[in-house]
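Undergrad: One structure, as structure tokens, below. Some questions next.
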Amino acid sequence: MAGYTSKPANLLYLSVFVAGGIGASIARLRPDGMARPILAIALLKLSMPVAALLLGVSALEAPPGTGVIMILNSAFAALFAPSAFLFWRARRNPALA
């Protein structure tokens, strides 16, 4: 979250769900196409706090603060990145899928 929940910058997080939905529908939920959308989701999660700061939203005025928000977004991105690797690996070896 970018500060308080009433901040318009929190709508940026909606782009993660939109990108995931569009990517999954294009890939038709098959492992050969799911690696890219999941990697895009991880990159979007990493860019959310930076985009919020560029839009002029200061999370310093509200708890938990900018540092904690960056750490949380990085942790969620770190969960998506191995998932993208596993989809990529399943694409390379169909016996794993």
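Undergrad: Hey, could you check the range 65-75 for residues that are modelled with pLDDT under 85 and not in a loop (DSSP other than H, G, I, E, B) and say which is surrounded by the most Cβ atoms within 10 Å (Cβ to Cβ)? So that I can check it myself, show each step before the final result.
TA: Quick first cut of the range 65-75, residues modelled with pLDDT under 85 only: 65-70.
Imposing the further condition that a residue be not in a loop (DSSP other than H, G, I, E, B) reduces the set to 66-70.
Values: Thr66: 18, Gly67: 11, Val68: 12, Ile69: 20, Met70: 16.
Checking each candidate, the answer is Ile69.
Undergrad: Within the range 28-56, which residues are under 12 Å from the mean Cα position of the chain (by Cα) and free of Cβ contacts under 8 Å to residues at least 12 places away in the same chain?
TA: Scanning the range 28-56 gives a single hit, Ser47.
Undergrad: Turning to a different aspect of this structure: Could you please find all residues in the range 29-39 being surrounded by fewer than 17 Cβ atoms within 10 Å (Cβ to Cβ) and either more than 19 Å from Ala95 (Cα to Cα) or hydrophobic (A, V, I, L, M, F, W, C) (or both)?
TA: Once the filter is applied, which keeps residues that are surrounded by fewer than 17 Cβ atoms within 10 Å (Cβ to Cβ) and either more than 19 Å from Ala95 (Cα to Cα) or hydrophobic (A, V, I, L, M, F, W, C) (or both), the range 29-39 yields Leu29, Arg36.
Undergrad: Oh, and also: Regarding the range 46-64, can at least one residue be identified that is under 28 Å from Arg92 (Cβ atoms), surrounded by 16 or more Cβ atoms within 10 Å (Cβ to Cβ), touching a helix residue (DSSP H, G or I) at 6+ places or on another chain (Cβ under 7 Å) and modelled with pLDDT of 85 or more?
TA: yes
The values are calculated or read from the model by the stated rules, or taken from the named source; none is laboratory data. Since the model is a prediction, treat every value here as computed from it, not as a measurement. A quick note on method: Cβ atoms are made from the backbone with ideal geometry, for glycine too, and the neighbour counts reach across all protein chains shown.
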